[in-house]
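Here's the structure, in structure tokens; my notes come after.
The values are calculated or read from the model by the stated rules, or taken from the named source; none is laboratory data. These numbers were taken from a predicted model, which means no experiment stands behind them. Cβ sites come from the backbone with ideal geometry, for glycine too, and all protein chains shown count toward neighbours. SASA here: full protein model, heavy atoms, side chains in, ligands and nucleic acids out. Shrake-Rupley method; radii C 1.70, N 1.55, O 1.52, S 1.80 Å.
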Amino acid sequence: MKKYLVMAIWLAAGAAQAAEVPAVLQWSQRVELSTPVSGVVQAVNVSVGERGRQGQVLLRLDERIYAGRVEEAAATVARNGEDAAETQRELKRVQELYDRTVISVSELEQARLHHARTTAQLKESQARQKQEQKNREDTLLRAPFDAVVVARQAEPGQAVAATLQPQSLLVVARAGEMLARAQVLETQLASLKVGQEIEVNVGKQRFR
């Protein structure tokens, strides 16, 4: 969003030398939001002009496919966890037999290798479970900060494809904070100081 305005800069010499210069009012931060996962839009909870708090769910994709994958990954973790526990017990038993010189070194090494494999499988499935959970969470598009919705480019039922250039679904801007950009004369710079208060006039409204 941009609005033309008159920005009154009060110089250090006093209000009598105040100068009005044309400026452009811009959002201090404007972000295009998209989901990193594909899916079908289930709900859009905001309209243009509405505000949302940081972390608020603005848009939701249908999560059923991702929820199923999370359950599948959890089942794999449970199964691999049981296998790893079983090979741990077997390794302990084999180690005791080896200490009593009942079995050979090769049998002990085989037990160790078997346990190492099941442990690696467990870790791999746990990593996959975390990724599937992350994908499920990514079906929720949340406000990155306290924001106002500038543009809405998504509707329920719309298909969203996660690509190298994700589709913009919502455009938001930081709420309660804007930037006024203007050019001033070189002769006015000497009277301006960092942190100095200025007055911005937008139509009949004034802001400091």
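Among the residues of segment 123-141, count how many are of a type in the set (A, V, I, L, M) and out of contact with any Lys or Arg (no Cβ under 9 Å at 6 or more places or on another chain). Quick ask: steps written out before the conclusion?
Quick first cut of segment 123-141, residues of a type in the set (A, V, I, L, M) only: 127, 140-141.
Now restrict to residues that are out of contact with any Lys or Arg (no Cβ under 9 Å at 6 or more places or on another chain): 127.
Counting residues in segment 123-141 that are of a type in the set (A, V, I, L, M) and out of contact with any Lys or Arg (no Cβ under 9 Å at 6 or more places or on another chain) gives 1.
Counting just the residues of segment 16-69 that are open to solvent by less than 50 Å² (accessible area, probe 1.4 Å) and touching a helix residue (DSSP H, G or I) at 6+ places or on another chain (Cβ under 9 Å), which one comes out farthest from residue 147 (Cα to Cα)?
Ranking the candidates gives 19 first.
Among the numbered criteria (1) within 30 Å of residue 51 (Cα to Cα); (2) out of contact with any strand residue (DSSP E or B) (no Cβ under 7 Å at 6 or more places or on another chain); (3) among the acidic types (Asp, Glu), which one does residue 132 miss?
(1)
Residues checked against (1) among the acidic types (Asp, Glu); (2) open to solvent by 70 Å² or more (accessible area, probe 1.4 Å); (3) at pLDDT 95 or above; (4) out of contact with any helix residue (DSSP H, G or I) (no Cβ under 6 Å at 6 or more places or on another chain):
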{"site": "73", "(1), (2), (3), (4)": "no, no, yes, no"}
{"site": "76", "(1), (2), (3), (4)": "no, no, yes, no"}
{"site": "84", "(1), (2), (3), (4)": "no, no, yes, no"}
{"site": "92", "(1), (2), (3), (4)": "no, yes, yes, yes"}
{"site": "98", "(1), (2), (3), (4)": "no, yes, no, no"}
{"site": "103", "(1), (2), (3), (4)": "no, no, no, no"}
{"site": "108", "(1), (2), (3), (4)": "no, no, no, no"}
{"site": "113", "(1), (2), (3), (4)": "no, yes, yes, yes"}
{"site": "118", "(1), (2), (3), (4)": "no, no, yes, no"}
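Evaluate segment 195-207: report whether one residue or more is open to solvent by 80 Å² or more (accessible area, probe 1.4 Å), touching a Lys or Arg at 6+ places or on another chain (Cβ under 6 Å) and touching a residue at least 24 places away in the same chain (Cβ under 8 Å).
yes
So residue 136 ticks every box in (1) touching a Leu at 6+ places or on another chain (Cβ under 6 Å); (2) within 30 Å of residue 83 (Cα to Cα) but one. Which box is left unticked?
Every condition holds for residue 136 apart from (1).
Where in segment 84-185 are the strands (runs of 3 or more DSSP E), entirely inside, with at least 1 residues that are over 30 Å from residue 72 (Cβ atoms) and within 23 Å of the chain's Cα centre (by Cα)? First the steps, then the outcome.
Numbers: elements: 140-142, 147-152, 170-174, 178-182.
Hits in segment 84-185: 147-152, 170-174, 178-182.
Find the residue count for segment 120-153, including only residues that are open to solvent by 40 Å² or more (accessible area, probe 1.4 Å) and more than 17 Å from residue 44 (Cβ to Cβ).
Of the residues in segment 120-153, 15 are open to solvent by 40 Å² or more (accessible area, probe 1.4 Å) and more than 17 Å from residue 44 (Cβ to Cβ).
Just one of (1) within 30 Å of residue 136 (Cβ to Cβ); (2) part of a loop (DSSP other than H, G, I, E, B); (3) of a type in the set (S, T, N, Q) trips up residue 80, so point out which.
(2)
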